[in-house]
Structure formats: structure tokens, C-alpha cells
Amino acid sequence: MHERKLGDVVLQAEGISLSFGAMRVLNNVSFDVHQGEIRSIIGPNGAGKSSMLNVINGVYHPQQGSITYRGETRQQMKVHQAAAQGIARTFQNIALFKGMSTLDNIMTGRNLKIKSNMLQQAVYWGKAQKEEIEHRRKVEEIIDFLEIQAIRKTPVGKLPYGMQKRVELGRALAAEPDLLLLDEPMAGMNVEEKEDMCRFVLDINDEFGTTIILIEHDMGVVMDLSDRVVVLDYGNQLADGPPDVVRSNQAVIDAYLGVSN
Amino acid sequence: MSIKRIKTSIIAAAVISGLIGASAALAADSQFVGSLVYRTGPYAPGGIPWADGFADYIELLNARDGGINGVKLELEECDTAYNTDKGVECYERLKNKGSTGMPAVMPLSTGITYALLDRVVADKIPLITSGYGRADAADGRIFPYVFVPPATYWGGADIAINYIANQEGGYGNLKGKKIALVYHDSAYGKEPIKTLQALASQYGFQFSEFPVPHPGLEQKATWLKIGRQLRPDYVLMWGWGVMNATAIKEAAAVGFPREKFIGVWWSGNDADMIPAGDAAKGYKSLQFNGVGSDFGVHKQIKSELYEKGKGSAKSAENTGEVAYNRGLQSAFILTEALRGAMAEYGNKPMTGEQVAWAMDRLDISADRLKEVGADGLFDPIKLSCADHLGKGRAKVTQWDGSKWVAISDWIEPHATMLRSMYEASAAAYAKEKGITPRDCK
Amino acid sequence: MLYREAGEFKATYQADQAILTIRQDRWFMLALMVIAFLVIPLISSEYWLGTIMLPFLILALAALGLNVLTGYAGQLSLGTGGFMATGAFAAYKLATSFPDLHIFLVILLAGGITAVAGLLFGIPSLRIKGFYLAVATLASQFFLIWMFNKFGWFTNYSASGVISAPPMAVIGDSYVTGPYATAEAKYLFVLSIVVLFALMTKNLVRSNIGREWMAVRDMDIAAEIIGIRMLPTKLKAFAYSSFLCGIAGALWAFVYTGSVEPLAFDVNRSFQILFMIIIGGLGSIMGAFLGAGFIVLLPIFLNNAPHWIGLNIHVDLISHIEFMVFGALIIFFLIVEPHGLARLWQLLKEKLRLWPFPY
Amino acid sequence: MRIEQDVLKILLAALLLMAAIPWTAGKLSSDIFFEWPFFFEVAIGGLLAGVMYSLVALGFVLIFKASGVFNFSQGAMVLFSALTLVGLNELGVPIWLAIVFTLAIMVVLAVVIERVVLRPLVNQEHIILFMATIGITYFLDGFGQTLWGSEVKLLDLGIPNSPGLYFGGQILINDFDLVAALIAGILVISLAFFFQYTRIGRALRAVADDHQAALSIGIPLKHIWVIVWAVAGIVALVAGIMWGSKLGVQFSLALIALKALPVLILGGFTSVPGAIIGGLIIGAGEKLAEVFIAPMIGGGIEDWFAYMLALAFLVFRPQGLFGEKIIERV
């Protein structure tokens, strides 16, 4: 647990409710995220954590509530809008581009920053090539940062799980996001891999000042990394606050231990 | 994939290329005859008898006369499966074979014909399209290497109307009659439309068109429109392959009398009538050759080839099919042109250019037909430098349930009207392609 | 030992991003170009140039176009024939309406017109995916062919609806269309265009747009989340793909056959091109060429083979055997390497890289 | 079968449009002749033709449903089975025995395809399996013609092909079409029973729903594949008999696959009832369009209209009318 001064609110979710047909996934969830914060969302399986991330970057459109991001309030986000405004994410089940190499996957993460048009790219001379090299340099920095130099040209489909998670993080970082949504970045990893990943998350937060929303099952990791934690259970918001407060919340303990109230 | 396997394949390739060289050297002083046929593919039922007829006539000359004027004929078939790509490949493969190359090409397909139009000019090989291809190639000034005897689609359309007028008691009675055309929606099927439109405005009959999309497996809607709504006096058909039988069956299904249903020659193969079964009885078709196998030439083929087990068709019974007779006719036209060329250039294998020269002067007289035992089977043909068609006559035949029966004599189309249409169309082509018409004086 | 990258180091990203990073590959490509541009026209017979190389190159270009759409952008299409027809008819209208237009411009503009058609028919791809899209693109195939067949305007009201190319020259009297064009001129003209667009396509697929296409192909939702817009990305693929197909169609009609009817571009053509890219390798430039080679050359080879080895088999039997062997070979190659001939080629290179010391 | 609400809405809208557009066309254009009896005559003719399309589409659906393979060779199978049947018959085998033999041959074919083609390619992407079935198509086309020749053959089952007038002599319906529709109907019903009430049928459905689950209850995938390919082969034979006695048995039979594709996308690749209803809609739709719309734009629109119609349905239901919904998750 580290103490830091937090910046202004960058994202505010207000009364978010989302349902698919008769199934209610999120029920009146509200929380805010401060600049530079590591904000965690926890909860048992099916609590609506991933759905919450999907609402934030516009994959799901909530029926009620609003999202305020960088001072703009919207009923719902649009996917490319979220991306254009600096929201990047990783996925619970890896969503890499399987047919492409590590390098290309991460380069794709920079798509919004590439300005040359199709004709220039077809000629591959002058602006397009200059741009390509410029972005390659940036991507190489990310590759160095994530220590994945050796797999640079390997098709990602052939990589082991842990490496794929790293590449996915790299792709999200390539967008130089202001807000990074990490959906269980450490799921299925062994202890060493988890330690590496924790280090990356903290470094990203420290060095680049990126705000992070994190979903994670490993309580130890959550408690260590997070500034504040939101707890969801069956779409309901059980608690919100610093890790030690949340940890001692009776409702949270009940939910995790399976006590019905 | 191992290195060893690659090595083997390289050796195999080398051996094969060696063999190609060897086989090219074989042909000595025989006349090479290339034949583009379709014995496979969706249209094979109509293509097989044609190929058999063509092959049988060539082999008859070899067996009976030792070729033409002592020059043996060496036939090689190439299967196009009625596919244009394959047809072009076949043409290019065969055109330089033998000592003088292919003397003429008969592609047997509209698509291949069009694909070869430019090529034959460059190669100086005559393109003989009997009863198909470009009708306007009748103008030999603009198409020096294309020949269309004995008939064109435009002439066919005119002959069909002529026959109908005859049935109705004269052209004067066509006024107000309804005549419909069911056609394969392609370059081939659209050929007769302009002629029919011209005739319709001239004689005052009402003409309507019914395109059938390729391949024509389903024509219910078309025939409901024809048989139940328009109820025309006559229906003409420019159909192809499976479309023919389907059309005849659908005509039966809506109760349209088959006696008033007249197809062009490509809608008049025996193979098209078989699947239609009883429905085909009474259906009529134009033919640019006689029907049946009661001609001298058939008897000779039977005795020289089939009785010695050398015939191309399955059995001697197949030799009377109309498509077979068409094959005979094509072979006959080609060999007559070869004869003509040899008369000028000497008894040796002829080049395409020499055959084109002879085609420009082709004269198959009635006497000549009697001589070869094809009197009544073929119509006499006389071509000239400017006229690459001849009279362009055809007969009307009727299917009696098991065979075709001729029900008219040769009918001659409106020569002057058609000639001016050919010339106008050819001139437009010449303008587009930048061709200067040759001088035929 | 001869083919290896050890000892080659790249000091710049530019060098590392080159198309051919291994020196031997560059030599190979250079040799291939020399063979294609100099050796083949010098030693080949007219039959080889005009009947085998020309359709091979033109269909390879169409396959390249389809491979951009299907192999790179993941949009299965069976409208290729229709787009080739669009190119052919557009070229015909341009060439006859503006007789002074240079053939290169005619072909380029025909490609551009086809790109617009591709754009229109690409719109449903936003909602329809996979095999559903493939069958839906058949709608464009049948519609386009019908349209060119039906409306006389497209064929300058010719009776049969067949278009034929006026003689056109690249410079002076070196004709590439019409009866007086030599096979060599046609071949070199087509080869130059195909090489040019193959290079352009390679550039596109290694640039941002190519990565966007592949991202859409591999996982469209993830692609959208990182900021790739579906509609423009897919439509760009449709447009560029049809651009290439249109050029291929124009070349087919003008340079290869000289005259065509719409049926030359019927649905069988679409299937043929699709087979090429699956057999050759989806998402590979090389694959388009290898696949075109397989589909165009193999049947010709099979058809000729019995003759070459002196067997006198009836033509219909040859055709039937050709079909059977061809089908069996497709299955055989898929079992050996499902990802196409291009992958086989790559594996071969990898083996060669280690040869003769496999460890 | 539970029909979703929006499917019902789409169907109702389609029915309404099918009547309304021809009616308006008849009012607007003098080229078009519209009368209700004639309209029904065309519509019924179309529906009956549609059943014939369904017959071919059904073969596609069976295989796609159970194995996710888009079987390009269904048309070739139709041709091959019909050629075999007629070929055997010409050799002197009585027709009923020839049918039995052909059925056996189609089963053997299924076993061979599974062993030689599908098993080595198991777990490959769909497009690869699709391509493999193209290989099968070429092989079967060549093989069938090598065995039985390329000539057209008559297949006469003695079904009358005469026009009959119904509904007070106002509406003409062809007897052959009625019989064909009846046979197709029987086939569909028996297939439905097969899927619903037999052990194998239930197993097939289980596989379609969930491969893993099916494996876990002990159904070997290879058996399933052999069975569906055999059933598809039998369906192909029925289609081959019906189409063969309509068109004659010849190479062109393989082309009817193209008429089945719009049916398939409209109904959904995975639904047996979809193939039937799709066939009816396509059949009636294309005939009505050809009769009541085509005269305004030149005719011969049947082919592309069927595809456009299917495309229009897809815009509302991207998975086809009765296809399984494609759910994408992240």
C-alpha cells in the first residue's frame, strides 16, 4: 500500500444500470476515478466487473446512468470515441490479433496516431515511411519496457499465455493512454509472472502517470496495488473505498464467503 | 516437402520437356487437323455427337482415300469443356502443331469464338463458325479470317418468321400476331433480337422477349408469363444446354402447343429432346443440315469405320443425330477448303493462310454434294471474298418422339435486308477496332 | 549453408522494415525479376507467353485483390467476377468514348470505377459476416453480370452484347491490344502492371492500413476498441480489392482475350479466384501468385501430361482424370499444409535456413 | 420450434410486400398484367419450385449444423447420386434395387470422405474445410463422369407432367411440381422425426449445439460426421431423383447448388425449418419478381433477385431467419 496525492476526477460513473433482456448485469453503480490513481474493481465471478469496463469504453450501452469523462457527460460512450479520447484496455480472454506478430500487434495500437493516408502508404516513401520508423521507435521502447525483445517477430498465436498478456498490455500502452483498463491481467499466471506484471502496472502508473482501472481476482495483488477499490456483487455495488476499509466491510466479507444476507 | 522430392520433380520435368520436343518432330507430311470439342462439362451431351461426326468424316477420308490427294489427315482433339479459358489454351496449343499448323479453327462456342477473333487475324488461321459466332462476320471485307457458312443467327431468325408466315398463309397474315422469343441471356441468345425487331416493325407482328438467366434450370416464371398471360401465337427459342429441355417441359406444363414452338439449331439437338421425354413431341427446330442417317456418306462411314470397329461414336446408331451431322458438315467444309487450297498450292499440307484463300473461293456445288453422298444432307455453299456466309438457308424439322423429321425444304432468308444489317454491324466493329476493310474487287 | 541470416545485422529500423530482410531473399527476388522480365520473354514460345503466362499473371492480380479483402481484411467475397466485369466494361466505355486516352490511364480509371462499385457492395459487410457475407456478395456478382448483359449502353448497343478492345499502344506502335500486339509486348505490359501493384499491395499490408485490416480480420471487437473504425477500414479493403480486380478484368478483356462477353466473368470466375487464394495462402502476396499458378497451370499440365509421355488417351477421359487428380491434389495439399502453398514455401525456407545443421 | 417475435414480424412484412409490390406494379405500369388468380398461380408455382430448392439446401444445412463445414460438394453429390442411379438402371438393375445400391454407395462415400478428407483436417478453420469440399467436388465430378459418361440420361419415374386446373379452373398447377413438393415434404418431416425421436438424431443435435458436450457424453465425432454425410448423401439422392427427372440426368445438375445458396442464407445455415421456409420465400419471391417486376427493367432477374432478397433479409437478421445468433464477447 502506497500513499500518494491523487489528482482531479477524470472519470465519473453515475448510477449505471445495464441489462440484457431480463438479466440485470449492473444495478445503479456509481464511482469516480482520479487522475493518476490505480482503481480496482473486485467481486466474485459474474459480478459485472468486465461489463463495467465494457460500459466505460463503449462496448456496452447502459440503459440508465451517465459517464463523465474529462468533463464531458454522456449517456453512453462510443467505442472509437473512447479510444480517441485516450482510453485503452486489455481483455480477460486475450483479444490479440492472432495472425500478426508481436511487433505488428503493438504497432496496431498506434493506429490513431498515424496520419499518412492510404496512397502515401501504398507508395511507402517519404511521409509514410518516416512515420512508420518514428512509430517503430516508440514501439521498440514499449518492447524494451515489457522485456519482450526476443519475441518481437513471433506470431502471437504461438506465444505462451503469459507472454500474450504482456503483448496485449503492450498494445494498450502503444496508444499512450490516459486511462488504462486492465481486465484480469494476471489471471492464470504463476507467481513470477504475476510479480513481473505487478511491476509493469506500477511502473506504468508511476513513470507515465497513467490512470488505471484494474480488475483482479488475486486479493493480495489488489490490496497492494490499488489506491481505492470498488466491490461489485451480482451487479450491485457493495462497497467503495481504500483497500483496508473495503477489506473490513461486512457485506464484502459475506459476499466473498458466500453468506446470504 | 523434402529436397529429394524436389529433385525428383525436376528430373520429371526435364524428361517431360524432352518428350515434347520428340513428339513435335514426329509429324512429317500429313495434314494436321485440330478439333476443339467439348466431350465433358455441362454441355457435353450436345458436344459429343458433334465431335464424333467430325472425327468420323476425317477418318473416313483417311480410311477410304488415304486422306486428301494423298495427304493423310492427322486429327487431334482438344477438350474445351465449353470453357473459354480452356478453349483459348486449346487453340494456342494446337495452332502450331504439325508441319503447317492448324489449317482452321472451329471453336464451337460463342465465348471461345470471341476470344479468338483477334488471335486468328494475327495467326492467319481461318475461324469457321458454322451456325454460331458473329453473324456480321458474313462481311468478309472486315472479317477476312472469319467464315460463317452455312447460316447465321440473324438468318435463322428470319427463316423462322418466314416459316411462320408460310404456316399462316403469307407474310400479310402476320399482322397482329404475337411472337415471343425465349433466349439464353448471353451474347449468343441476344443475337436474333435485332433481326426480329426489324421484322416485327416490317410485318406488324407483336414481338416480346423473355430472357432466361444462365444456365436456365428454372423457367417457371417465364413460362407462366408466356403461357398464361401473353399467350402468343408462336414461341421461338434461342436456348442452350439444359435450358432447352427445361423450356420444352415448362411449355408442356403450361399447355403451350409444342407445334408452335420453334427452336434455333442449338435448341434442336437429340440430346435436348431425351430429358424432355413425351413433352418434346411435336416441337420444331431449325436445322442447317438434313436429318437422319439415310445418306450415302453415312453408309460409307458405317462400312469403312463402324463395321471395322473404328468409329468414334458409341455405336453406328448414333450417326444420324443432328449434332453428329453438324460435325460431319464442319469436317466436310474444312476438307473441301483443303482440297481447294491444294488445287492452288499443290498436294502437301496447307497453312491457315492458304486455307483462308480457299475459303474465300469455296464452292460446294450440288453436284459435289451428290458425289460425296451428302445430297440433301448439306446445302450447297458458295463463298466469295466479300461474302463469307453463302445462301444461309435452313430447314424446319419436327421431333416425332424419337427422331427429327424434316418438314420443310431449304428456306432462304431475306438476303438483301440481312446483308445490309451485316454490313452496318461489321462497319461499326471496324470503326471501333480501327480495321480498314479490305478491297474485294 | 547458403541460405542464412546469421552475420547479417540491421542497424536501422528502416533496414529491418524492408520487404526482404535477408540478403539471399533479395538476390532471389532480383533473379526472379530478371527471369520474368528478360529470360521468359526471350526463351518462351508464343504459346507460353500468350496462353499460360498472361492469364496466370492477370488472374494472380485478381487473386491479389481478393486476398486483400479476404486474406488480410477477413471479408469473404464471391463477387470477384462481377468486379472484374465492371473493370472490363468500364475500360471499354472509357476507351471507346475517349479514343485518345492512354491505355494505362484507361486501365487505371477502370480500376477506379470498379473501386466505387466495390465500395457500394461492401456496405452490407458492416452487418453480415463469414459465409453469410460470401453468399451475399454473390448478389453483387449476379447483379453486375445481369446489368452488363441487359443494358445496351455498356456495350455501345452491339447486337450480342460483346465488347472488344480497340488496338491501343503503350508508345508509338508497340501495341498491347488488338490483333497486331505481339505476345511479348502483352506479356511485358501485364507483367509491369502486376509487379507494380504487387509492390503497392505489399506496401499497404505492411503499413498501418494493412495492420488495421488484419486487426479487423483477427478480432473485430478488439480492433474497434483500440480505435479502428469498422466502416472505413472495411470499405477501404473493398475499394482497394475491387480496384485490383477491376484492373485485372480490364486487362483480361483488353490484353488477354481482346473480346469478351459478360459470361466470361460469371460466378465460376469468382470461385476460381477464391480457390486460388485459399490454396495459395490467405493473407499472403506470394500466396496469390502460387495459388494462381496452381489453379491455372496445374489443369493445363494435367491435361497435357498424358500426351507428353506418349499416352494416347481419349480427350474426355483426360478431362475426367484431370478433374479427379486436381480435386485429389487440392485435398492433399490442404492436408499437408492447410495454410496454403505460401506457408509451405516459408517452411521450406526455414528448413533451408538451418540446413545442413538442423539444430 | 420457438419462433422469435422479430422473425414473425419480418415474415409478415415479407408476405405483405410480396402481395403489395406486384399489385402496385400492376396499377402503375401498363407492361404488367396483374390479376389475383394469376398472382396466386405464380405464387403457388413459386412455392412449389421453392420446395425443390429446399431439397438441395437441406443437404447443406445437415452438414453445416453438425460439423460447421460449408459443403461445397453438395451439388456434386446430387449429380453423382443421380448418375449412379441412372447408370445402374441402364445396366439392367431394376429401379428399386438401383435406389438401394445408390443409397449404399452414398453411405460408403460418406465413410470415405470422413476417413480421407475430414479426419486429417479436423480442427482446421472453416475456410480450409470449405476448400477441401471443393476438392471433393472436382473429384466427384470427374469420377462420376468417368464411370457413367457425360451423355444426358433420361430418368422417368412415371410422374405425370401435365397441367392441372384447380380452384374452379382459374389456377394452373403442374402435377409434377405437386408430386415433387409432396416427396420433399415427406423427406423433411421424416428428417424432423429423425432428429427429434431417434437416439442418433438427438446425438446429432447435441453435437450441433455443443461439440464438447457431445464428446463428453461419449459420442465419437467421427461417427457423427459419417452419419451426417451419409444423411446428406441420401438427401442428395432424393434431390437428384427429383431434379434429374425434371431436367434429365446430366452435368448441369451440379449447378442447382447455386439455386440453393440464397435459400440457405435466408433460412440460416443451421436450421432445417429455415431451409424449408427459406426455399418457399425465395421460390415465391423470385417468381413474383420475374413476373411482376422484371418487365419494367428488362427481365431475367430471377437469379440476382433471389440473392438480393436473401441479402435484404440478412440486413435485418445477419444470421439468417432461423440461424443461431452470433454472439460476440470480449
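In summary, the aspartates and glutamates within cross-link reach of A:Lys98, defined as a Cα separation below 17 angstrom excluding same-chain residues under 8 places away, comprise A:Glu168, C:Glu212, C:Asp218, C:Asp220, C:Glu224, D:Glu125, D:Glu328.
The residue among B:Gly352, B:Gly66, B:Leu362 whose Cα reaches farthest toward the positive pole of the charge dipole of chain B, with charges on the beta-carbon of Lys, Arg, Asp and Glu, is B:Gly352.
I want to verify a result. In a Gaussian network model of chain A, Cα cutoff 10 Å, which of these has the top mean-square fluctuation: A:Glu192, A:Glu168, A:Glu141? Of A:Glu192, A:Glu168, A:Glu141, the Gaussian network model singles out A:Glu192 as fluctuating most.
Across peptide C:338-345, the average count of Cβ atoms from other chains found within 10 Å of a residue's Cβ is 2.
Dividing the mean sequence gap of close Cα pairs (under 8 Å, 6+ apart) by how many residues region A:1-108 holds gives a relative contact order of 24 percent.
Taking every eigenvalue of the Cα gyration tensor of region B:154-287, multiplying by 5 and rooting it, what semi-axes result, largest first, whole Å? Intermediate results must be reported in sequence, preceding the final value.
Values: eigenvalues 95, 46, 41 Å².
Over the Cα atoms of region B:154-287, the semi-axes work out to 22, 15, 14 Å.
Quick one: which of C:324-331, B:141-148, D:289-296 comes out on top by average Cβ neighbours within 10 Å, and what's the full order, highest first? Could the numbers behind the result be given before it?
Values: C:324-331: 20.8, B:141-148: 25.6, D:289-296: 23.0.
In decreasing order of mean packing, C:324-331, B:141-148, D:289-296 become B:141-148, D:289-296, C:324-331.
Treating each Cα of region C:214-321 as one equal point scatterer and applying the Debye formula with no solvent, the log10 of I(q)/I(0) at q = 0.11, 0.16, 0.23, 0.24 Å⁻¹ comes out as -0.55, -0.95, -1.27, -1.29. Considering only B:Leu224, B:Gln287, B:Ala271, the residue lying farthest towards the positive end of the dipole of region B:154-287 is B:Leu224, judged by Cα position with unit charges set on Cβ. Scanning chain B for long hydrophobic helices, with DSSP H runs required to stretch 20 angstrom or more by C-alpha along their axis and to average at least -0.5 on the Kyte-Doolittle scale, returns B:3-26, B:44-65, B:153-168, B:322-345, B:415-433.
Which lysines does C:Lys351 reach when only Cα atoms under 17 Å apart count, and residues fewer than 8 places away in its own chain are ignored? Result set, ordered by chain and number: B:Lys4, B:Lys7.
Shielding value for C:346-354 is 1, the average number of Cβ atoms from other chains within 10 Å of each residue's Cβ.
Amide H to amide H, with H built 1.01 Å from N, D:Phe322 comes under 5 Å of D:Gly268, counting only residues 5 or more places away or on other chains. To the nearest Å, what is the center-to-center distance of region B:192-269 and region C:149-174, using C-alpha atoms only? A separation of 30 Å, based on Cα centres. Per residue of peptide B:292-300, the mean number of Cβ atoms on other chains within 10 Å of the residue Cβ is 0. Axis of helix D:126-148 versus longest Cα principal axis of chain D: the two differ by about 90°, to the nearest ten degrees. Measuring nothing but how far apart in sequence close Cα pairs (under 8 Å, 6+ apart) lie, relative to its length, region B:154-287 scores a relative contact order of 24 percent. Build a GNM of chain B with springs between Cα atoms under 10 Å apart, and of B:Ile164, B:Ile301, B:Ile407 the one that fluctuates most is B:Ile407. Taking 31 Å as the limit for the C-alpha separation, the pairs B:Lys299/D:Lys246; A:Lys165/C:Lys234; B:Lys86/B:Lys314; D:Lys9/D:Lys259; B:Lys225/B:Lys431; B:Lys175/B:Lys370 exceed it in the case of B:Lys299/D:Lys246; B:Lys225/B:Lys431; B:Lys175/B:Lys370. The Cys residues in the protein assembly as shown with no partner Cys Cβ within less than 4.7 Å of their Cβ are A:Cys198, C:Cys245. Region D:159-194 and region C:281-340 have Cα centres separated by 44 Å. Within the same chain, aspartates and glutamates fewer than 8 places from C:Lys349 are excluded, and of the rest, those with a Cα less than 19 Å from its Cα are C:Glu5, C:Glu8, C:Asp16, C:Asp25, C:Glu337.
Using a Gaussian network model of chain A in which every pair of alpha carbons under 10 angstrom is joined by a spring, one finds that among A:Val25, A:Val245, A:Val201 the greatest mean-square fluctuation is at A:Val245. Computed over the alpha-carbon pairs of chain B, the distance histogram in 10 Å steps reads 4, 21, 31, 25, 12, 5, 1, 0, 0 percent, short to long. The relative contact order of chain D, computed from alpha carbon pairs under 8 Å that lie at least 6 residues apart in sequence, is 34 percent.
What is the distance in Å between the Cα centres of region C:43-114 and region A:37-87? Distance between centres, Cα-based: 47 Å.
Can you give the charge dipole size of region B:154-287 about its Cα centre, rounded to the nearest 20 debye, using +1 on the beta carbon of Lys and Arg and -1 on the beta carbon of Asp and Glu? Present the calculation step by step, with values, prior to reporting the outcome.
Numbers: 14 positive and 12 negative charges, 86 e Å.
Roughly 420 debye for region B:154-287.
Each value in this text was obtained by applying a stated rule to the coordinates, not by laboratory testing. All values derive from a computational prediction rather than experimental measurement. Heads up, the Cβs are rebuilt from the backbone with ideal geometry, glycines too, and the neighbour counts pull from every protein chain shown.
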